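These notes concern the structure reproduced below.
What follows draws every value from the coordinates through simple rules; no lab data is involved. This structure is a prediction, so every number in the text was calculated from the model and none was measured. Heads up, the Cβs are rebuilt from the backbone with ideal geometry, glycines too, and the neighbour counts pull from every protein chain shown.
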Amino acid sequence: MKITVSINLGGYSFNIDEDAYSELKRYLRSLELHFAGEESSAEILSDIETRMAELFRAKLTAYKQVITIEDVYEACSVLGTPEDISDNEGTSAREKFSSPGYHRMYRDPDHRIIGGVCAGMGAYWRTEPWIIRIVFVILAMMGGLGILVYLILYIVLPEAKTTAQKIEMKGDPVNIHNIKESVKKEFENVRKNMNL
């Protein structure tokens with residue numbers, strides 16, 4: 001018999017073993033200490049918690065309703081530890097996390113002109129969005145097929161709202177390093193826009 005604890009992580013409620021809770025609490029505390037000096041630490045930690053909640057939700061089934069310590073260890077190994085991304089070591093974080101991540105097509109709200117379909121396709125295929133936009137314009141001039149395809153893709157493709165989805169859209173692994181870099185980039189963009 002094990003004691004379980006009910007927690008709220010990334011906006012979701014989970015039942016978690018007591019030993020798994022202790023490990024999760026230790027892991028999140030180490031991240032909090034690591035990012036304490038960062039200007040956008042609250043946003044980074046929030047995005048990491050959201051990603052961890054996504055990983056935990058994938059582990060739950062109709063027969064398994066409690067997060068175990070093995071689930072916590074697996075989520076920590078996917079995200080990485082602060083020691084893995086520290087700049088003090090010889091190998092860079094990019095080399096350590098070089099395995100490709102889950103690659104999914106989304107609409108890109110940050111670089112959109114109309115709905116973000118072309119920008120999302122450009123991020124997915126690692127090409128410039130203007131090339132895809134030109135293809136859609138050419139298809140639109142040839143009988144309106146481009147407009148129809150664009151509307152279908154606009155309906156079918158979800159919008160990349162979270163940091164994890166924006167990272168997945170580019171095909172990078174969703175780990176601490178990439179979440180940190182993405183939040184820093186967004187923070188700098190907001191700062192630039194406020195200074196204009």
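Sorting Ile138, Ile132, Ile67 from the fewest to the most surrounding beta carbons within 10 angstrom yields Ile138, Ile132, Ile67. Please list log₁₀ I(q)/I(0) at q = 0.31, 0.34 Å⁻¹ for the stretch 117-156, using the Debye equation with identical point scatterers on the alpha-carbon positions. Scattering profile of the stretch 117-156, log10 relative to I(0): -1.00, -1.06.
Considering helices alone, the calculated mean residue ellipticity of the chain at 222 nm is -18500 deg cm²/dmol, with DSSP H runs of length four and up weighted by -39500 (n - 2.57) and normalised per residue. Computed from Cα positions, the angle between helix 18-34 and the longest principal axis of the chain comes to roughly 60 degrees. Between His111 and Thr127, the distance separating the two model label sites (each 7 Å from Cα on the Cα→Cβ line) works out to 1.3 nm. Taking amide H as placed 1.01 Å from N in the peptide plane, Arg107 has its amide H under 5 Å from the amide H of Glu159, Ala160, each at least 5 places away in sequence or on another chain. List the lysines whose Cα lies under 21 Å from the Cα of Lys25, skipping any in the same chain that are fewer than 8 positions away. Cα-Cα hits under 21 Å: Lys2, Lys59, Lys180.
By count of other Cβ within 10 Å, fewest leading, how are His103, His34 ordered? Could the numbers behind the result be given before it?
On the way: His103 11, His34 19.
Starting with the residue having the fewest Cβ neighbours, the order is His103, His34.
Cα centroid separation, the stretch 1-71 to the stretch 158-185: 18 Å. Mean-square fluctuations from a GNM of the chain, with a 10 angstrom spring cutoff on Cα atoms, peak among Gly120, Gly144, Gly171 at Gly144.
Compute the length gained on full extension between Asn8 and Val137: take 0.36 nm times their separation in residues and subtract their Cα-Cα distance, giving the result in nm to one decimal. Don't jump to the answer; show the numbers that get you there.
Working: separation 129, 0.36 × 129 = 46.44 nm, distance 4.67 nm.
Gain on stretching Asn8 to Val137: 41.8 nm.
Relative to the compact-globule estimate of 2.2 N^0.38 Å, the Cα radius of gyration of the chain comes out at 1.21.
For Met52, Met142, Met105, what ranking results if the residue with the fewest other Cβ atoms within 10 Å of its Cβ goes first?
Details: Met52 24, Met142 9, Met105 18.
With the fewest neighbours first, Met52, Met142, Met105 line up as Met142, Met105, Met52.
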